[in-house]
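Working notes for the structure below.
The values are calculated or read from the model by the stated rules, or taken from the named source; none is laboratory data. Remember, it's a predicted structure, so these values are computed and weren't measured experimentally. Cβ sites come from the backbone with ideal geometry, for glycine too, and all protein chains shown count toward neighbours. Heads up: the accessible areas ignore ligands, DNA and RNA and are worked out on the full protein's heavy atoms, side chains in. Shrake-Rupley method; radii C 1.70, N 1.55, O 1.52, S 1.80 Å.
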Amino acid sequence: MIVEKIMKKEIISLTETDTIQTALLLIQEKRIRHIPIVNHENHLVGLISDRDIRDASPSIFRTEDFKEDMQKPLHTIMKTNIITGHPLDFVEEIGAVFCENNISCLPIIHEKKLVGIITGTDLLQSYVELTGVNKPGSQIEVQVPDQPGVLHNISCIFKKRNTNIHSVLVYPAKETEYEKVLVLRIQTMNPFLVVDDLKKEGYKVIWPSLPGISL
């Protein structure tokens with residue numbers, strides 16, 4: 001999945017000459033956490049968050065004493081060292097960027113212009129869709145040899161049971177570097193027949209595997 005498919009294209013932005021007060025009211029009204037700062041050509045020049053606004057705002061007990069602070073332009077508090085993405089980036093790779101840089105939003109740039117924005121919530125929603133957990137079904141985890149053709153062989157077992165696969169994820173097995181774990185979301189509420197088939201073919205089923213239940 002590419003970023004263009006999940007990014008928000010209707011972007012709420014301000015300019016660097018807008019005031020902190022304006023940004024505060026906009027964040028409260030729109031219930032957003034980030035505001036991109038753009039110039040007259042819609043080029044990204046900065047970014048502010050609700051935390052930046054809170055840090056710059058006076059205490060509610062001293063509002064009158066520091067009223068002028070709220071009239072300062074946004075360029076005095078905005079972040080300018082901004083990590084950005086491209087509409088054709090892969091969502092999975094963008095997720096790694098979020099984790100590695102501990103960020104909660106990513107402006108999307110195309111031909112130097114701001115064309116979208118992605119938040120952590122957007123990434124979480126895309127993960128839900130990619131894994132198929134928003135669809136009725138069951139999850140099976142099976143440990144397999146790390147070699148070509150294994151996924152095909154596994155899918156043939158599901159085909160024999162006329163069981164549709166919503167999604168497949170792969171991660172390394174902890175015990176050995178020569179095996180992988182397949183995490184499959186399947187379109188059935190009763191996975192035990194397929195589990196039995198997998199075991200008969202010699203595959204190690206990690207889940208479902210409940211104490212006291214023989215599968």
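A few comments on the model shown:
Residue by residue, here is whether (1) in contact with a Leu (Cβ under 6 Å, 6 or more places away or on another chain); (2) assigned to a helix (DSSP H, G or I); (3) of a type outside the set (A, V, I, L, M) holds:
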{"site": "Glu177", "(1), (2), (3)": "no, no, yes"}
{"site": "Leu193", "(1), (2), (3)": "no, yes, no"}
{"site": "Asp197", "(1), (2), (3)": "no, yes, yes"}
{"site": "Val205", "(1), (2), (3)": "yes, no, no"}
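- The C-beta contact set for the stretch 19-40 (first residue outside the structural domain of Ile77 (by TED's automatic domain parsing), second residue modelled with pLDDT under 95, distance under 6 angstrom, 6+ apart or interchain) is empty.
- Exactly one residue among Gln143, Gln125, Gln71, Gln147 is in contact (Cβ under 8 Å) with a residue 60 or more places away in the chain, open to solvent by 30 Å² or more (accessible area, probe 1.4 Å) and farther than 18 Å from Leu44 by Cα, and that residue is Gln125.
- Test: residue in the stretch 130-140 that is in contact with a helix residue (DSSP H, G or I) (Cβ under 7 Å, 6 or more places away or on another chain) and either part of a strand (DSSP E or B) or open to solvent by less than 50 Å² (accessible area, probe 1.4 Å) (or both): yes
- Every listed requirement among (1) in the same structural domain as Phe192 (by TED's automatic domain parsing); (2) out of contact with any strand residue (DSSP E or B) (no Cβ under 8 Å at 6 or more places or on another chain); (3) among the polar types (S, T, N, Q) is met by Thr163 save one, (2).
- In the stretch 192-212, the residues that are touching a helix residue (DSSP H, G or I) at 6+ places or on another chain (Cβ under 9 Å) and either open to solvent by less than 50 Å² (accessible area, probe 1.4 Å) or of a type in the set (A, V, I, L, M) (or both): Val194, Asp197, Leu198, Tyr203, Val205, Pro208
- Extreme residue, nearest to Val128 (Cα to Cα), among residues of the stretch 176-191 that are loosely packed, with under 13 Cβ neighbours inside 10 Å and of a type outside the set (S, T, N, Q): Met189
- Here Gly116 meets each of (1) surrounded by fewer than 19 Cβ atoms within 10 Å (Cβ to Cβ); (2) within 29 Å of Gly85 (Cα to Cα) with one exception, condition (1).
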